[in-house]
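What follows is a short report on a single structure.
The values are calculated or read from the model by the stated rules, or taken from the named source; none is laboratory data. For clarity, every value in this text was computed on a predicted model and none was experimentally measured. Counting neighbours? That spans all protein chains shown, and the Cβs are built from the backbone with ideal geometry, glycine included.
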Amino acid sequence: MVSISSLLAALDERTIAQRIGIPHDEARLGYPLRSNTVSSFDQFSDTIGDYYNHHFTSCVSNGGALSRSEARGRAKQILECEYRRQNGDIVSAFNDAHDGTNGGLRLVLDKIAEGLKVESVERYIGEVFDQHVAPNAWKDKVDIIRQFIADNGAHLASSIRADQPERYARDFQDLIRSYVAGLQRTSSIFRRL
């Protein structure tokens, strides 16, 4: 059985920051922004797609770019999700970029960077669980999950049931999302640029 200490070491906030957070922040900082506004929706779409591809090739695919339409579509999905949390949508994102309000285009690109970072952190944590918890060792999985919940209760949503580790041993996704959301609230990994 794998010890909880090796799992927790791989999920340490500093480890995640070094492996995921810093490269994503550097990708965001490395994108030259000529203006904090756009003049049209086409320019907005082109800019967010270009930025998405810049960030994606720097941190996710290690050089493999997406098509323009795929990059624009993915950037818009992230923005829809982020702006929906504030009762907005892609039009709200465009208006911010067009008018320079609420941080303008810079903040719109920050939201895309943050969305890509969150996705990468979720994938990293999922991979750490897969590496440290054998999928066919049920008793070990339950024990590791029980210990993980006990050690990380402060980062987990109140909906995560400490008395039901079996529930999360079957599928880590709810536990991972809850842990990432907790990190977003408390961790310097997700501090704004």
Considering residues that are more than 22 Å from residue 120 (Cα to Cα), of a type in the set (D, E, K, R) and at pLDDT 95 or above, the number found within region 28-78 is 2
| Of the residues that make up region 86-98, is at least one surrounded by 14 or more Cβ atoms within 10 Å (Cβ to Cβ), closer than 21 Å to residue 26 by Cα and either modelled with pLDDT under 95 or among the aliphatic types (A, V, I, L, M) (or both)? | no
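Would you confirm whether or not region 153-162 contains a residue that is in a helix (DSSP H, G or I) and either under 14 Å from the mean Cα position of the chain (by Cα) or among the aromatic types (Phe, Trp, Tyr) (or both)? Even if it seems obvious, please write down each step before you answer.
Keep residues of region 153-162 that are in a helix (DSSP H, G or I), which gives 153-155.
Still in the running and either under 14 Å from the mean Cα position of the chain (by Cα) or among the aromatic types (Phe, Trp, Tyr) (or both): none.
No.
Looking only at residues in region 47-72 that are free of Cβ contacts under 8 Å to residues at least 24 places away in the same chain and of a type in the set (Gly, Ala, Ser), which one is nearest to residue 34 (Cα to Cα)? Lay out the reasoning, then the answer.
Pass one, region 47-72, residues free of Cβ contacts under 8 Å to residues at least 24 places away in the same chain: 50, 53, 57, 61-71.
Now narrow it down to the ones that are of a type in the set (Gly, Ala, Ser): 61, 63-65, 67, 69, 71.
Details: 61: 25, 63: 23, 64: 25, 65: 22, 67: 23, 69: 22, 71: 20 Å.
If we take residues in region 47-72 being free of Cβ contacts under 8 Å to residues at least 24 places away in the same chain and of a type in the set (Gly, Ala, Ser), then 71 is nearest to residue 34 (Cα to Cα).
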Residue 101: passes all of (1) out of contact with any helix residue (DSSP H, G or I) (no Cβ under 6 Å at 6 or more places or on another chain); (2) closer than 25 Å to residue 22 by Cβ; (3) hydroxyl-bearing (Ser, Thr, Tyr) but (2)
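Condition check ((1) surrounded by fewer than 20 Cβ atoms within 10 Å (Cβ to Cβ); (2) more than 24 Å from residue 180 (Cα to Cα); (3) out of contact with any helix residue (DSSP H, G or I) (no Cβ under 7 Å at 6 or more places or on another chain)) across all residues:
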site: 37; (1), (2), (3): yes, yes, no
site: 57; (1), (2), (3): yes, no, yes
site: 60; (1), (2), (3): yes, no, no
site: 65; (1), (2), (3): yes, yes, no
site: 112; (1), (2), (3): no, no, no
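The rows are residues; the columns are (1) more than 30 Å from residue 150 (Cβ to Cβ); (2) assigned to a helix (DSSP H, G or I).
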| residue | (1), (2) |
| --- | --- |
| 5 | no, yes |
| 32 | yes, no |
| 71 | yes, yes |
| 83 | yes, yes |
| 95 | yes, yes |
| 102 | yes, yes |
Checked region 116-146 for anything surrounded by 20 or more Cβ atoms within 10 Å (Cβ to Cβ) and without any contact (Cβ under 8 Å) to a residue 60 or more places away in the chain; matches are 141, 145
Apart from one, (1) assigned to a loop (DSSP other than H, G, I, E, B); (2) within 24 Å of residue 25 (Cβ to Cβ) all hold for residue 77; the odd one out is (1)
